[in-house]
Amino acid sequence: MISRASKSQKGLSLIELMIAIALGIFIAAAMISLFVNSKQSFRMNENMSRMQENARFAVSFISRDMRMADYHTCVTAPGLDDAVSAVNNSGLNASDTFTILWQSNACDAAVVNVTTIYSIQTGSTGSPALFRSVDGVSQELVEGIENLQVLFGEDTDDDNVPNYYVDAASITDMAQAISIRFTLVARTLETNLTAGGGRITRSFTSTITLRNRLP
């Protein structure tokens, strides 16, 4: 037996159809917005993680080489007054170029100075990168490092404690530098991560004691 209500149901009215379409569009827009936001969050987290990883890698390399400054295989060899030096604003983006010297020769061998230079240059991808040169052989170490600034801790009263930190142009005697404070500026590799469509940058600072100059 077919009810009268079933006989009178002929389909959807125009108003019902418009409401259904509107609800469908609203749900589809919400899903698209959720997908876009999730993708942007993923890109943000991935780029931040990679930037921090690059910065840690760069800090680790520089710190290790800085600790080698004024090292001598022969312990009786005289110290190197120019074991550390820098040239202000000589690299890409007005970054400093930093030089480290240490000796690898034995006491009965000819003096061999190992020269390591850190600088910011344009990398293979066209973006700023940290470069390291060892005895004239240059190598791109880390991409996404856009600036390097170096300060020297000068000990003027021989108490093995820096009296102040100054840049290379302001230090009185580089032989009295017993520590180094450097700051790296790292940036994300991708753009469109900020409200203005740019990159995110972070500064990383580390202070290294020149242990070969301390008792």
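Just so it is clear, none of the values below were taken in a lab; they were calculated from the coordinates. Here the structure is a predicted model, which is why all the values come from computation and not from measurement. Cβ atoms come from the backbone with ideal geometry, glycine included; neighbour counts cover every protein chain shown.
For this structure, a couple of remarks:
- Per-residue Karplus couplings for the stretch 91-97, computed as 6.51 cos²θ - 1.76 cosθ + 1.60 with θ equal to phi - 60°, are listed in order as x, 4, 6, 6, 8, 7, 10 Hz, Gly and Pro entered as x.
- From the coordinates shown, percent of Cα pairs over 25 Å apart corresponds to which of [x] 37; [y] 52; [z] 55: [z]
- Judged by the gyration tensor of its Cα atoms, with axes a ≥ b ≥ c, the stretch 14-94 is prolate; a/c meets the 1.5 cut and a/b is the larger of a/b and b/c.
- Prolate/oblate/rounded label for the stretch 15-61 (Cα gyration tensor, a/c 1.5): prolate
- In this structure, SER127 and SER13 have a Cβ-Cβ separation that, at R0 = 41 Å, corresponds to a calculated FRET efficiency of about 0.10.
- Estimated FRET transfer efficiency (GLU140, SER41; beta-carbon r; R0 30 Å; 0.05): 0.50
- Least to most buried among LEU148, LEU141, LEU214 (fewest other Cβ within 10 Å first): LEU214, LEU141, LEU148
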